[in-house]
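A short write-up of the structure that comes next.
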Amino acid sequence: MKTRVISGACYVAILLSFFLLKIFVHDFCFDVLIYAFAIIGALEMLRAMGDRVTKAERVIVMLFVFICIPACAIAEYFFRYGLHVTSICFVAMGTALLSLLVLRHEETTPENLGVAFFSALYPVLLLIVLVLVNHVSDPVALEQGKYPVVLNDIAFNSDVLILFVFVVSPAADCMAYFFGRFLHKQFPEKMAPDISPNKTIIGAIGGLIGGVIGAGVIYFAYNAIAGTFVDMHIWLPVYLAIGFIAAAATEFGDLVESCIKRKLGIKDMGKIMPGHGGVLDRIDGTLFASVAVYLAFALIRLLVA
């Protein structure tokens, strides 16, 4: 338990350090952390897959990881073309993998290619969404009038959305743990016994409550620092709703990774974080929360544009 707490504290310190660098230096500083997550996460996935992925496929996947994250960040920040560049990178990777059916005919099978592509899809594609979250508002886009002022100056900016991802997810995890630990005897119903036997429905409810609480904290803390509470009757419910959705996505992401590990017959994806496992074991829910937060922002942007 002590090792787990120390490891968790180090993780929080790293997140906080890069978040402060993002605020006071440049948004690209947080992209560096996402880049590290992507590289380590892809290596953990490939290692977990073992012989299901050939050496040539591993090289192609890692080349994709090394190129795609920085290319997406640069294209999104300067030109708002992050999704376009990501699509090109995925097409290039897919084409390279398919070429192995000819170039490495004897060792390559459709099953190998599917596993290799999945190893890039999870977690790298989801981390690319986190890159987009990190750049939903930036000086270049603001100067060009790409986003409504109400979203950037009053309600949302990239700093707030990053907080949604990295505050709501841990808040949901903590409340799910406490509800499950202290109320499991009164409410023992399992949420997904075949995938993750330790998760209970009451724990999931606690996680949703934690997500809403985390979103409320973000709203009041951000607006207190900004010195404005404009249209609280509109934006506070919006924040709470996003917190609820992000918490639900966090719990779903936990189940996805639990299912992957159960299918592969492993306990942890890695060992880089003692007491937690690997990077993927730590950010599994965060990956899906980032998708929920980004889609929620995109929907709000459409509604107020």
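Structural remarks
- Positive-end ranking of Leu43, Ser87, Ala75 along the dipole of the stretch 28-134, with charges on Cβ about the Cα centre, is headed by Ala75.
- Close amide H pairs (under 5 Å, H built 1.01 Å from N) link Ala192 with Lys199, residues at least 5 positions away or on another chain.
- Using the Cβ-Cβ distance between Ala92 and Val230 with R0 set to 45 Å, the FRET efficiency works out to roughly 0.50.
- Between the stretch 186-228 and the stretch 67-101, the Cα center-to-center distance that results, in Å: 34
- Rounded to whole numbers, the Karplus 3J(HN,Hα) couplings from phi for the stretch 88-104 are 4, 4, 5, 5, 5, 5, x, 5, 5, 5, 5, 5, 5, 4, 9, 6, 10 Hz, using 6.51 cos²θ - 1.76 cosθ + 1.60 with θ = phi - 60°, and x at Gly and Pro.
- Isolated Cys in the chain, by beta carbon distance under 4.7 Å: Cys10, Cys29, Cys72, Cys174, Cys259
- Computed from phi, the 3J(HN,Hα) profile of the stretch 288-294 under the Karplus parametrisation 6.51, -1.76, 1.60 (θ = phi - 60°) reads 6, 4, 5, 5, 4, 5, 5 Hz, with x in place of Gly and Pro.
- Computing semi-axes √(5λ) of the Cα gyration tensor in Å directly from the structure and comparing it against [x] 24, 23, 22; [y] 28, 25, 18; [z] 32, 27, 16 singles out [z].
- With only Cα atoms counted, the stretch 160-305 has Rg and Dmax values of 16.4, 51 Å.
- Over the chain, DSSP H runs of length four or greater, each weighted -39,500 (n - 2.57), average out per residue to a 222 nm ellipticity of -25000 deg cm²/dmol.
- Sorting 163-171, 10-18 by average packing, meaning the other beta carbons within 10 Å per residue, from highest down gives 163-171, 10-18.
- Spin-label pair His184/Ala241, simplified geometry with 7 Å Cα→Cβ offset, distance in nm: 3.5
Quick note: the coordinates plus some simple rules give every number you see, no bench work behind them. Since the structure is predicted, the reported quantities are computational estimates derived from the model, not experimental observations. Here Cβ is always computed from backbone atoms with ideal geometry, including for glycine, and neighbour counts include all displayed protein chains.
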